[in-house]
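The values are calculated or read from the model by the stated rules, or taken from the named source; none is laboratory data. Nothing here was measured: the structure is a model prediction, and the numbers come from that model. Cβ atoms come from the backbone with ideal geometry, glycine included; neighbour counts cover every protein chain shown.
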Amino acid sequence: MDRKNFEINPLIKDFESYIDKVDDAIKQELELYSASEFFEPLQYSLEGGKRIRPLILILSAESVGKCDENAYSASCAVEFLHTESVIHDDIIDNEILRRRKDPFHIKYGYNTSIITGDFVLGLILNISSRLDNARIGRELAITAMMMSEGEMIETRLETSEDVTFDDYVKVMEYKTATAFEAAAKIGAILGGGTEEQILALAEYGKNMGIAYQIRDDLQDWNNEDKLFNTLIKKSLDPRIVFDRMDVMLNNYSKKAKTALRKINDGPARTRLESLLDLTMLSV
């Protein structure tokens with residue numbers, strides 16, 4: 001195992017075989033566009049990702065039934081959706097570092113970044129058409145729209161002097177949690193889960209996504225471009241904000257674990273629990 005890869009993605013140690021399969025699936029998808037102008041930039045954009053969303057999808061499918069080739073194709077779709085959002089989000093936030101290297105817009109320029117994001121949406125549509133499942137296509141479409149809506153809400157709030165915790169949670173739900181929720185839900189659908197299992201795993205994904213973002217913000221709290229930083233600035237005592245965040249982190253983590261109780265005990269459920277614990281420690 002490459003030590004550099006482990007430092008970038010601490011999940012590799014425990015989920016190496018799954019991540020390798022996801023990476024192979026992504027490579028196969030990209031090979032379909034090897035003659036495209038976007039081939040090399042897409043390879044760059046997908047290097048170093050933790051693959052958390054694909055892992056959620058694959059393990060959700062396994063936890064309720066089977067995980068086949070369609071599940072791995074769908075896992076590529078959710079990772080591509082995340083990649084597209086990262087490319088555009090880094091432009092908006094003026095990021096200068098992503099995964100220990102230049103962000104996409106610094107490497108390739110703004111024009112290529114915008115167009116690549118559009119191209120990635122085409123990749124997702126292509127995968128969705130091959131899956132031939134209207135419900136999955138709808139989930140991917142709704143997720144893309146909600147993530148965009150979250151970005152717009154956050155942009156508006158950044159210039160507001162009246163940002164509340166409710167605003168902060170709403171942005172997290174739209175920008176981050178919706179993709180985690182969709183990954184779990186799509187996995188459960190492809191795995192042949194019951195409606196109760198699908199909803200339980202969707203609840204797991206949503207709450208894990210919020211907890212994940214809270215943890216990320218706590219570790220990067222001094223970033224001036226973070227909405228969380230706005231809450232700190234307006235607080236008379238920042239310690240109150242941090243204490244409340246810690247409580248929220250624990251609550252959403254517990255909600256995610258509680259949702260898994262509706263899933264039959266087994267290796268995949270145990271791995272979903274472990275994935276939650278790992279992301280809380282290592283994001």
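Data overview
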| read-out | value |
| --- | --- |
| Residue that is more than 30 Å from Glu158 (Cα to Cα) and either part of a helix (DSSP H, G or I) or touching a Cys at 6+ places or on another chain (Cβ under 7 Å) (or both), where the choices are Gly205, Gly187, Gly209, Gly193 | Gly187 |
| Lone qualifier among Ile106, Ile136, Ile87, Ile127 - being more than 26 Å from Tyr18 (Cβ to Cβ) and among the hydrophobic types (A, V, I, L, M, F, W, C) | Ile106 |
| Residue check for Arg239: part of a helix (DSSP H, G or I), touching a residue at least 60 places away in the same chain (Cβ under 8 Å) and either closer than 19 Å to Glu154 by Cβ or of a type outside the set (A, V, I, L, M) (or both) | no |
| Flag for Ala179 being in contact (Cβ under 8 Å) with a residue 60 or more places away in the chain and under 27 Å from Glu31 (Cα atoms) | yes |
| Options Thr116, Thr155: the member that is surrounded by fewer than 18 Cβ atoms within 10 Å (Cβ to Cβ), farther than 20 Å from Ile52 by Cβ, among the hydroxyl-bearing types (Ser, Thr, Tyr) and in contact (Cβ under 8 Å) with a residue 40 or more places away in the chain | Thr155 |
| Residues of segment 22-50 that turn out to be surrounded by 18 or more Cβ atoms within 10 Å (Cβ to Cβ), more than 13 Å from Phe119 (Cβ to Cβ) and modelled with pLDDT of 95 or more, as a count | 3 |
| Some residue of segment 147-162 being more than 16 Å from the chain's Cα centre (by Cα) and within 30 Å of Val64 (Cβ to Cβ) | no |
| Residue identified as free of Cβ contacts under 8 Å to residues at least 12 places away in the same chain and out of contact with any helix residue (DSSP H, G or I) (no Cβ under 8 Å at 6 or more places or on another chain) among Gly65, Gly109 | Gly109 |
| Options Ala256, Ala268, Ala200; residue that is in contact with a Ser or Thr (Cβ under 8 Å, 6 or more places away or on another chain) and touching a residue at least 24 places away in the same chain (Cβ under 8 Å) | Ala268 |
| Failed item, numbered, when Val163 is tested on (1) touching a residue at least 40 places away in the same chain (Cβ under 8 Å); (2) not in a loop (DSSP other than H, G, I, E, B) | (2) |
| The one condition in (1) at pLDDT 90 or above; (2) in contact with a His (Cβ under 6 Å, 6 or more places away or on another chain) that Val64 fails to fulfil | (2) |
| Among the candidates Met208, Met280, Met245, residue that is at pLDDT 95 or above and surrounded by 13 or more Cβ atoms within 10 Å (Cβ to Cβ) | Met208 |
| Residue in segment 76-86 that is in contact with a helix residue (DSSP H, G or I) (Cβ under 9 Å, 6 or more places away or on another chain), buried (at least 18 other Cβ atoms within 10 Å of the Cβ), over 21 Å from Thr176 (Cα atoms) and hydroxyl-bearing (Ser, Thr, Tyr) present | no |
| Test result for Leu227, under 17 Å from Asp166 (Cβ atoms) and more than 17 Å from the chain's Cα centre (by Cα) | yes |
| Hey, Ile198 assigned to a helix (DSSP H, G or I) and buried (at least 16 other Cβ atoms within 10 Å of the Cβ) or not | yes |
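A quick yes/no check of all residues on (1) more than 30 Å from Asn133 (Cβ to Cβ); (2) modelled with pLDDT of 85 or more; (3) of a type in the set (Gly, Ala, Ser):
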position	(1), (2), (3)
Thr178	no, yes, no
Ile189	no, yes, no
Gly192	no, yes, yes
Asn229	yes, no, no
Arg239	yes, yes, no
